[in-house]
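Participant: Encoded as structure tokens, here's the structure I'll be asking about.
The values are calculated or read from the model by the stated rules, or taken from the named source; none is laboratory data. Note that the structure is predicted; figures quoted are calculated from it, not measured. Backbone-built Cβ (ideal geometry, glycine too); neighbour counts: all protein chains shown.
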Amino acid sequence: MNVLDNLTPPIESVDQLTGFLEAGTKPKSQWRIGTEHEKFGFDKHTLSPLPYEGPCGIRVLLGSLAKGFGWDPVLEDGNIVGLTQGAQSITTEPGGQIELSGAPLENIHETIVEVCAHLGQMKAVAEAMGIGFIGPGFAPSWRLDEIPRMPKARYGIMRATMDGTGTLGRDMMFRTCTVQANLDFESEADMVKKFRVGLALQPIVTALFANSPFTEGKPNGFQSFRSHIWQNTDPERTGGLPFVFEDSFGFARYVEYALDVPMYFVVRDGTYIDAKGQTFRDFMAGKLDVVPGQKPTMGDWETHLTTLFPDVRLKQFLEMRGADGGPWSRICALSALWTGVFYDGGSLDAAWDLVKDWTRAERAELCAQVPRDGLQALAPAGSNHSTVQDIAKQLMEISVAGLGARNRIGPGGNDESKYLEAIREIADSGQTRAQMMLAEYAGAWKQSVDPIFSISAY
């Protein structure tokens with residue numbers, strides 16, 4: 001439960017909702033970088049997903065992390081479902097994916113330290129339990145009916161709702177993993193420009209990070225099946241948000257969008273109450289049937305914003321949500337890529353010049369092509385490039401220049417562009433990780449995905 005739900009006064013006007021988003025503006029000196037990543041736990045002996053209960057289960061895993069490394073447990077109905085430590089948190093996703101939401105940090109060198117410390121703690125606990133972790137964008141071998149359900153009430157409500165809103169919502173919940181970068185803005189105009197650049201370039205990033213070509217042990221015809229799944233989850237709360245490119249876009253327009261996205265639930269006294277079929281606009285009018293006469297608090301608004309799933313999401317910062325999970329080096333590469341683009345004015349201008357002439361139809365077509373074709377997808381006609389690979393190469397140059405201009409020097413005398421090496425190789429070669437794995441599957445792996453659980457393990 002968000003503790004604000006019962007501790008703040010009711011919201012009286014839509015202007016307060018806009019003000020909440022606007023309060024995220026920060027001077028450049030206070031800009032930070034947040035990194036989130038998910039991973040699948042598995043039993044090393046059976047290669048099966050982890051249950052919640054049992055000696056090799058997620059309850060024991062989280063409890064051991066709390067006891068061994070000083071994390072504070074987060075409980076729901078007596079079940080440990082997450083951990084917190086300062087500005088960091090560890091959460092369980094619907095199918096038992098373990099997510100680290102990192103602290104807001106000043107540079108990517110600090111992100112590397114954070115990720116390594118987290119994975120070190122996970123490994124120390126997991127080895128004694130016979131557990132391993134992998135982070136592809138989609139579970140390579142497990143059926144939906146094999147995936148455990150976490151004891152979190154919000155997921156039960158979401159699961160039931162998604163059955164009526166798209167074709168692949170349950171796959172999104174239970175069988176996907178992603179990496180996410182969170183970044184700041186200094187004004188409404190800065191937010192708008194970053195939002196537009198982020199949405200337009202999200203398919204290019206999806207191609208660079210494509211890492212989900214298998215379903216239930218067989219090739220699925222996609223390089224990023226995770227991205228395809230998100231396009232078929234819930235059209236009212238996912239996608240590319242065309243209105244962001246309209247002249248009138250700003251904080252208030254995003255609020256209008258969020259007000260009309262159907263709610264999943266409202267939280268009262270620690271209980272999740274199904275609010276399916278109603279909107280936050282109804283709630284503002286005191287017409288939410290499940291809490292009759294009540295009006296929302298700012299905690300309710302914060303909770304609702306977390307249930308919107310566009311390719312770029314606005315809170316009091318921007319969340320870049322287009323990448324498959326992958327090896328640990330690419331966790332930091334995603335944050336490095338977007339930091340280079342967003343945190344240097346010249347690079348942001350160059351990125352906007354790259355995408356500003358793309359039409360709505362071209363952006364939509366790019367989103368449709370990339371999950372299957374990856375870096376070989378055709379570039380928009382207005383881009384002066386032939387393929388997504390060509391755009392990806394230019395994007396890498398823009399990010400490298402931005403990171404160089406930031407000049408945040410770390411160990412060994414390197415700036416943050418060092419952390420782009422893993423994806424620079426992909427951009428230069430045109431071969432995604434998905435294509436590399438498909439080649440191994442057809443050759444050395446002898447049409448088995450089992451090697452992923454050793455080769456790709458953290």
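Participant: Among the numbered criteria (1) buried (at least 17 other Cβ atoms within 10 Å of the Cβ); (2) in contact (Cβ under 8 Å) with a residue 24 or more places away in the chain, which single criterion is violated by ALA405?
Facilitator: Answer for ALA405: the failing condition is (1).
Participant: Ok, one more. I'd like to check something: does region 121-144 contain any residue that is of a type in the set (D, E, K, R), more than 16 Å from LEU47 (Cα to Cα) and touching a helix residue (DSSP H, G or I) at 6+ places or on another chain (Cβ under 7 Å)?
Facilitator: No, region 121-144 contains no residue that is of a type in the set (D, E, K, R), more than 16 Å from LEU47 (Cα to Cα) and touching a helix residue (DSSP H, G or I) at 6+ places or on another chain (Cβ under 7 Å).
Participant: Ok, one more. Which of the residues that make up region 430-458 are surrounded by fewer than 16 Cβ atoms within 10 Å (Cβ to Cβ), part of a helix (DSSP H, G or I) and among the polar types (S, T, N, Q)?
Facilitator: Correct list: SER454 only.
Participant: Taking region 34-78 only, how many residues are more than 26 Å from the chain's Cα centre (by Cα), among the charged types (D, E, K, R) and closer than 16 Å to GLU146 by Cβ?
Facilitator: 1
Participant: Sticking with this one: So in region 3-22, with the set limited to residues that are acidic (Asp, Glu) and in contact with a helix residue (DSSP H, G or I) (Cβ under 7 Å, 6 or more places away or on another chain), which one is modelled with the highest pLDDT?
Facilitator: Only one residue fits best here, namely GLU22.
Participant: Restricting region 16-33 to residues that are over 22 Å from the mean Cα position of the chain (by Cα) and basic (Lys, Arg), which is farthest from MET298 (Cα to Cα)?
Facilitator: Filtering first and then ranking leaves LYS28.
Participant: Additional query: Write out, first by first residue and then by second, each pair whose Cβ atoms fall under 6 Å of each other, whose residues are 6+ apart or on separate chains, and whose first residue, in region 287-309, is closer than 24 Å to THR238 by Cβ and without any contact (Cβ under 8 Å) to a residue 60 or more places away in the chain while the second is buried (at least 20 other Cβ atoms within 10 Å of the Cβ) and among the aromatic types (Phe, Trp, Tyr).
Facilitator: So the pair list comes out as HIS304/PHE280.
Participant: Then there is this: What's the number of the condition ASP357 fails, among (1) out of contact with any Ser or Thr (no Cβ under 7 Å at 6 or more places or on another chain); (2) buried (at least 20 other Cβ atoms within 10 Å of the Cβ); (3) not β-branched (Val, Ile, Thr)?
Facilitator: (2)
Participant: Let me ask something else about it. Out of (1) at pLDDT below 95; (2) more than 30 Å from SER101 (Cβ to Cβ); (3) of a type in the set (S, T, N, Q), what's the single condition that is false for GLN369?
Facilitator: Failing condition for GLN369: (1).
Participant: If I ask for residues that are among the small types (Gly, Ala, Ser) and either without any contact (Cβ under 8 Å) to a residue 24 or more places away in the chain or crowded, with 18+ Cβ neighbours inside 10 Å (or both), which ones from region 102-124 would you list?
Facilitator: GLY102, ALA117, GLY120
Participant: Considering only region 357-374, I want to know if a residue exists there that is among the polar types (S, T, N, Q), farther than 28 Å from SER187 by Cα and in contact with a Phe, Trp or Tyr (Cβ under 9 Å, 6 or more places away or on another chain).
Facilitator: no
Participant: Now for a different question. Go through region 364-381 and give me each residue that's within 17 Å of GLY198 (Cα to Cα) and either of a type in the set (Val, Ile, Thr) or not in a helix (DSSP H, G or I) (or both).
Facilitator: VAL370, ALA379, PRO380
Participant: Another question, then. Residues SER417, SER383: which one is surrounded by fewer than 24 Cβ atoms within 10 Å (Cβ to Cβ) and at pLDDT below 95?
Facilitator: After ruling out the rest, the residue left standing is SER383.
Participant: Please return the ranges of helices (runs of 4 or more DSSP H) entirely within region 156-245 where 2 or more residues are at pLDDT 95 or above and more than 20 Å from the chain's Cα centre (by Cα).
Facilitator: Hits in region 156-245: 188-208.
Participant: Does VAL266 fit the bill of being within 28 Å of the chain's Cα centre (by Cα) and either in a loop (DSSP other than H, G, I, E, B) or farther than 19 Å from GLY24 by Cβ (or both)?
Facilitator: For VAL266, the condition - within 28 Å of the chain's Cα centre (by Cα) and either in a loop (DSSP other than H, G, I, E, B) or farther than 19 Å from GLY24 by Cβ (or both) - is met.
Participant: Output the number of the condition that SER248 fails; it satisfies all remaining conditions of (1) part of a loop (DSSP other than H, G, I, E, B); (2) buried (at least 19 other Cβ atoms within 10 Å of the Cβ); (3) among the hydroxyl-bearing types (Ser, Thr, Tyr).
Facilitator: Of (1) part of a loop (DSSP other than H, G, I, E, B); (2) buried (at least 19 other Cβ atoms within 10 Å of the Cβ); (3) among the hydroxyl-bearing types (Ser, Thr, Tyr), only one is false for SER248: (2).
Participant: Which numbered condition in (1) modelled with pLDDT of 95 or more; (2) under 23 Å from the mean Cα position of the chain (by Cα) is the only one that ALA457 fails?
Facilitator: For ALA457, the exception is condition (1).
Participant: A follow-up question, please. Scan region 181-194 and give yes if some residue there is under 26 Å from THR92 (Cβ atoms) and of a type outside the set (A, V, I, L, M), otherwise no.
Facilitator: Yes, that holds for at least one residue.
Participant: Here's another thing I want to ask about it. Six or more apart or on different chains, Cβ under 8 Å: which pairs go from a residue in region 230-257 that's within 22 Å of GLU302 (Cα to Cα) to one that's assigned to a loop (DSSP other than H, G, I, E, B) and among the hydroxyl-bearing types (Ser, Thr, Tyr)? Could you list them?
Facilitator: THR233/THR165; ASP234/THR165; PRO235/THR165; GLU236/THR165; ARG237/THR307
Participant: On to the next question. Kindly evaluate ALA258 against the criterion of being small (Gly, Ala, Ser), surrounded by 19 or more Cβ atoms within 10 Å (Cβ to Cβ), over 30 Å from GLY326 (Cα atoms) and out of contact with any Pro (no Cβ under 8 Å at 6 or more places or on another chain).
Facilitator: yes
Participant: Taking strands (runs of 3 or more DSSP E) that do not extend beyond region 1-85, which have at least 2 residues that are crowded, with 19+ Cβ neighbours inside 10 Å and not small (Gly, Ala, Ser)?
Facilitator: 33-43, 79-85
Participant: Only one residue in ALA361, ALA392 is over 18 Å from TYR419 (Cβ atoms) and either outside any loop (DSSP other than H, G, I, E, B) or within 21 Å of the chain's Cα centre (by Cα) (or both). Which one?
Facilitator: So the residue among ALA361, ALA392 that is over 18 Å from TYR419 (Cβ atoms) and either outside any loop (DSSP other than H, G, I, E, B) or within 21 Å of the chain's Cα centre (by Cα) (or both) is ALA361.
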